[in-house]
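Inspection log for the structure reproduced underneath, given as structure tokens.
The values are calculated or read from the model by the stated rules, or taken from the named source; none is laboratory data. This structure is a prediction, so every number in the text was calculated from the model and none was measured. Cβ sites come from the backbone with ideal geometry, for glycine too, and all protein chains shown count toward neighbours. Accessible surface areas use protein heavy atoms only, side chains included; no ligands, DNA or RNA. Shrake-Rupley method; radii C 1.70, N 1.55, O 1.52, S 1.80 Å.
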Amino acid sequence: GCCAEAASLLLSEDVPSSLTRIESPLARAEQSVREDLANIEGRLILGQYDLVRSRLQVQRRILSSLSRRGRLAGLIARIDTQLERVDYVQSQSEQLDLQRMCAGLISGVEQFGRLTDLCRAERDYDDLVSRIRRVKAGLEPQTGNEVAVLLDELATRLDRHLRRLRRLEIRRTIRNSWRFLRRN
């Protein structure tokens, strides 16, 4: 019974790693790299770019130190490819986040432009301006030029509408004061 169970495990290649003996540090390092490479997709989906990058860099250093006569060159090349891919996926994700933030700001400014109540506009103005400043502060120098221009335009639209609402409020106050004076 016991031999049959062991044989079935061996045939199904379902042997737990704790039962297999990996002798050399080289074999252990190769196994570890293969496991990390297999787990990359899930970690990238979760946005764990720094974790993936640091694990791959550590694995690359270990393999480089163990590599004899280029035996591990293929695995090292796979790690290098994955490191480049992590950078690419992270930059795409950051671009998408920036586009979402800008779309949210544009929508917020459009809604602000429809406000007629000065008190509410002054409250919303402060919130929108601080959001614009936060996005602008986080811009990368190489990608930020056109986005900065967009953000400046949004801030200008906010200022213009708030000034218009304040002028209307002043006119309303003056008009009401004149009516009061005429009545009396």
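Can you give the helix-only mean residue ellipticity at 222 nm for the chain, where every DSSP H stretch with n ≥ 4 adds -39500 (n - 2.57) and the sum goes over all residues, rounded to the nearest 500 deg cm²/dmol?
-29000 deg cm²/dmol
When the chain is treated as a GNM, springs tying every alpha-carbon pair under 10 Å, which of ILE132, ILE45, ILE174 comes out with the largest mean-square fluctuation?
Comparing ILE132, ILE45, ILE174 in the GNM, the peak value goes to ILE174.
I'd like to check one number: the per residue accessible area of the stretch 62-155, probe 1.4 Å, reported in Å² as a whole number.
Per-residue accessible area for the stretch 62-155 comes out at 65 Å².
Based on alpha-carbon centroids, what's the gap between the stretch 115-141 and the stretch 22-83 in Å, whole number please?
If we compute the Cα centre of each part, the gap is 45 Å.
At ILE45 and LEU83, where each label point lies 7 Å from the Cα along Cα→Cβ, what is the point-to-point distance in nanometres?
Roughly 2.6 nm, to one decimal.
Can you pull the one-decimal nm distance between simple spin-label points at ALA38 and LEU96, each 7 Å off the Cα toward Cβ?
For ALA38 paired with LEU96, the spin-label model returns 2.6 nm.
Taking volume of the Cα convex hull per residue in Å³ as the quantity of interest, determine which of (1) 202; (2) 126; (3) 191 was computed from the displayed structure.
Of the labelled values, this structure produces (3).
Which of THR116, THR156, THR173 ends up with the largest GNM mean-square fluctuation for the chain, with Cα atoms connected below 10 Å?
THR173
Using a 1.4 angstrom probe on heavy atoms only, work out the carbon and sulfur share of the accessible area of the chain in %.
Whole-percent figure for carbon plus sulfur exposure: 52.
Given the Cα-Cα distance of GLU140 and ARG164 and 0.36 nm per residue of separation, how much length would full extension add, in nm?
Fully extending the segment from GLU140 to ARG164 adds 5.3 nm.
Mean Kyte-Doolittle of at least -0.5 and a Cα length of 15 Å or more along the axis: which whole DSSP H helices of the chain meet both?
Length and hydropathy pass: 25-45, 49-66, 73-113.
With each pseudo-label sitting 7 Å past Cα toward Cβ, what's the LEU26-SER65 distance in nm, one decimal?
In this crude label model, LEU26 to SER65 measures out at 1.7 nm.
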